[in-house]
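To start, the structure under review is shown below, and the notes come after it.
The values are calculated or read from the model by the stated rules, or taken from the named source; none is laboratory data. Remember, it's a predicted structure, so these values are computed and weren't measured experimentally. So basically every Cβ, Gly included, is an ideal-geometry build from the backbone, and we count neighbours across all protein chains shown. Keep in mind that these areas ignore ligands, DNA and RNA; they rest on the heavy atoms of the full protein, side chains included. Shrake-Rupley method; radii C 1.70, N 1.55, O 1.52, S 1.80 Å.
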Amino acid sequence: QVQLVESGGGLVQAGGSLGLSCAASRRTFSSYAVGWFRQAPGKEREFVATISWSGASTYFADSVKGRFTISRDNAKNTVSLQMDSLKPEDTAVYYCATRTTGSWSTVPNEYTYWGQGTQVTVSS
């Protein structure tokens, strides 16, 4: 069992930046790929970004490419999502999730453990 806790959400104006963090409860987290997803009211949960176990490979949704950065610190069991040039359409609850394998995926059903989510609101 891996417990994930997201932090760093909040309210920001369009064009601003926020950094999200995902902290894991177990060292085995360092062997697993991690993804960030988001869900806006009335919409399906959608993929945002993912990173392999080593951090060597990352992938982003087209909607955030060039604006968001994902990184990890396996010594601290954390994964970060840096969000720049935020837009009102980025408003959602953001979730981190981990697989039980080292390679990344964009498919929510391929992730085993999920955090409780953190709200990000971007005002226009």
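Build a GNM of the chain with springs between Cα atoms under 10 Å apart, and of Ser52, Ser31, Ser63 the one that fluctuates most is Ser63.
Per residue, the accessible area of the range 4-124 comes to 48 Å² when a 1.4 Å probe rolls over the protein heavy atoms. Looking at the range 1-53, the GluC sites (Glu not before Pro) that sit in a DSSP loop and have at most 10 other Cβ atoms within 10 Å of their own Cβ are Glu44.
Here r is the Cβ-Cβ distance between Lys87 and Thr112 and R0 is 35 Å; the resulting FRET efficiency, rounded to 0.05, is 0.70. Cross-link partners for Lys87 among the lysines, with Cα-Cα distance under 29 Å and sequence neighbours closer than 8 places in the same chain left out: Lys43, Lys65.
The phi torsions of the range 80-95, fed into the Karplus equation with coefficients 6.51, -1.76 and 1.60 and a -60° offset, translate into couplings of 10, 10, 8, 10, 10, 6, 5, 10, x, 6, 7, 4, 4, 8, 9, 10 Hz, rounded to whole numbers, with Gly and Pro shown as x. Ranking Lys43, Lys87, Lys65 from most to least accessible surface, computed with a 1.4 Å probe over the protein chains only, gives Lys43, Lys65, Lys87.
Taking only protein heavy atoms and a 1.4 Å probe, the accessible area of the range 10-66 is 49% carbon and sulfur.
For the range 1-119, how big is Rg over Rh, using alpha carbon atoms and the Kirkwood form of Rh? Numbers along the way, then the final one.
On the way: Rg = 13.0 Å, Rh = 13.9 Å.
Rg/Rh: 0.93.
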